[in-house]
Structures are given as structure tokens and as C-alpha cells.
């Protein structure tokens, strides 16, 4: 009996740059499909920039055909204005795949790090290094794309656990 595979889209939200990464999870086996970064214009109103992000995300979902999406619950202790803008971008990252009918999961940054590196307080470069090791075919990743792949890996691991618990 062929094992069911799931295409998982991981998203690392940002208003300037949103990373995305698509993997296939087949049991405990993970394979890299594609990744990239969506950059919004730095000029224009917030509404215009969010609309651009939404359109680009919807295009990624349409092109890549994921079955599920996962978004990082980003935590920033920068100023309130930056945090609010990031929150708006996160909202779009939750909304765009949901509008296209995908179930969307959210994971705290330390849970993503723990799933990939084994430690919740891992540094960004450790996450990138582990993603490169797990998915050697993913070359020249931006930090955003590596983080998005880490979110997808975290979801693959947790959705299996949830499936086992509910079985």
C-alpha cells in the first residue's frame, strides 16, 4: 500500500520579505520541493503592500499546490510599530492559504527551532545549517526561505504526532 504524501507550505512572515518553502512529507520522510522569498515594494501604503503580499502568496499556493500550510508565530521585541506591521503581514500569511481552502497551522518560533535543531533557543544560523543538512537539494537559500522550510518541517513532525494521538 502506497503511503500518503502531503505537500506542506511553510511561511515565515514579514512585510518586506516573506519566506516560503514547500516540502513533501511521506511518513517520516521529507523531501524538498521549492522555496523562495516574496518581497513587497518599500513604497506605497500599508494596504497596497499587504495586497501585493496577498496576491503573491495566492500565486505561490496556486503554482505549488500545497495540501496544508504552516505559519510561524513570529515574536519581535522591536518597537511597537514594527511589531504591528509584522502582525499585519502574519495576518495575510494566515488568510491567503485559508482563502484558498488550505488548513493553516501556527507554530511558535521556539517550537520550530526545537523541531529542526533540537533546541528551542537555537540561533538563526543553526536553523539554516540544519535545513541545508536535511534538504541538500535546497541551495542558496535566503534566511527567510530557510526559516519557512523549518516551519514546514516542524508542521510535518507535529502533524504526524497529532495523527498518532488521534488514532
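Here, each number is a calculation from the coordinates, and none is a lab measurement. These numbers come from a predicted model, not from an experiment. Using ideal geometry, Cβ is built from the backbone for each residue, glycine included, and neighbour counts are taken over all protein chains shown.
Give me the Kirkwood hydrodynamic radius of the range 79-118, using the inverse of the mean 1/r over all pairs of distinct Cα atoms, in Å to one decimal.
About 11.8 Å, per the Kirkwood formula over Cα pairs.
State, to one decimal in nm², a quarter of the convex hull surface area for the C-alpha atoms of the range 40-111, i.e. the direction-averaged projected area.
Result: 5.3 nm².
Taking all pairs of different Cα atoms in the chain, averaging 1/r and flipping that mean, what Kirkwood radius in angstroms comes out?
The Cα-based Kirkwood calculation yields 15.9 Å.
Could you give the distance between the Cα centres of the range 70-135 and the range 2-30, to the whole Å?
12 Å
If I model a spin label at residue 73 and residue 16 as a point 7 Å from the Cα along the Cα→Cβ vector, what separation in nanometres do I get?
Here the modelled spin labels are 2.6 nm apart.
Divide by every residue of the chain the summed helix terms, -39500 (n - 2.57) for each DSSP H run of at least 4, and state the resulting mean residue ellipticity at 222 nm, rounded to the nearest 500 deg cm²/dmol.
Taking each H run of at least 4 residues, the total per residue is -16500 deg cm²/dmol.
Place a label point 7 angstrom from the Cα of residue 139 along the Cα-to-Cβ direction, then list the residues of the range 7-40 whose backbone nitrogen is under 16 Å away.
Residues 32-36 qualify, since their backbone N sits under 16 Å from the label point.
Calculate how steeply helix 46-64 sits against the longest principal axis of the alpha-carbon atoms of the chain, using the helix alpha-carbon long axis, and give the answer as 0 to 90 degrees to the nearest 10.
Approximately 30 degrees, to the nearest ten.
With the crude spin-label approximation of a point 7 Å out along Cα→Cβ, what separation in nm comes out for residue 28 versus residue 124?
Distance between label points: 3.2 nm.
Using only the Cα atoms of the range 102-141, what are the Rg and Dmax in Å?
Here Rg and the maximum Cα pair distance are 11.3, 30 Å.
Give the percent of DSSP beta bridges with both residues in the chain that are antiparallel, rounded to the nearest 5.
The answer is about 65 percent antiparallel.
Quick one: which of 147-159, 100-112, 129-141 comes out on top by average Cβ neighbours within 10 Å, and what's the full order, highest first?
Final packing ranking: 147-159, 100-112, 129-141.
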